[in-house]
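Shown next, in structure tokens, is the structure this report addresses.
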Amino acid sequence: MRSIVTALGLHALLLGTCVTVFFGILALTPTSPCTGGATSGSCAYGQLPFKLALFGPLLTLPVALLATFLRAHGKPRPGWLYAGLAAVVAELVIALQIAAD
């Protein structure tokens, strides 16, 4: 049973990471030059929304995978995959909130 939950969590995390990175590239890439101290849109705070949606999930994915399988003694810990998925979703929501302000 644990391996089925782990496989589902792994697929969900990979899909969530791919969707977040893809959406972050399409929705949060600045379409015009960022000048000055823009505090709204995709240029907010030095393109923070774009960087958060792009690099956050790419850093969360290996951390969740390592926490799941490293030193698990043959029994993977699927809770870390779902925690990673929650972190990826939270990163996307935070990036969108920053861009919307």
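The values are calculated or read from the model by the stated rules, or taken from the named source; none is laboratory data. A quick note: this is a predicted structure, and the numbers were derived from the prediction, not measured. Here the Cβ is made from the backbone with ideal geometry for all residues, glycine too, and neighbour counts use every protein chain on show. Please note that ligands, DNA and RNA were not included when accessible areas were found on the heavy atoms of the full protein model with its side chains. Shrake-Rupley method; radii C 1.70, N 1.55, O 1.52, S 1.80 Å.
Taking the criterion of being open to solvent by 40 Å² or more (accessible area, probe 1.4 Å), β-branched (Val, Ile, Thr) and in contact (Cβ under 8 Å) with a residue 60 or more places away in the chain, the only residue of segment 7-53 that qualifies is THR39. Can you pull out every residue in segment 54-90 that is under 16 Å from PHE22 (Cβ atoms) and open to solvent by less than 30 Å² (accessible area, probe 1.4 Å)? Of everything in segment 54-90, those that are under 16 Å from PHE22 (Cβ atoms) and open to solvent by less than 30 Å² (accessible area, probe 1.4 Å) turn out to be LEU54, GLY56, PRO57, THR60, VAL88. Of everything in segment 31-53 that is in contact with an Asp or Glu (Cβ under 9 Å, 6 or more places away or on another chain) and among the polar types (S, T, N, Q), the residue that is nearest to CYS18 (Cα to Cα) is SER40.
Selection of segment 56-89 for residues being among the small types (Gly, Ala, Ser) and at positive phi yields only GLY74.
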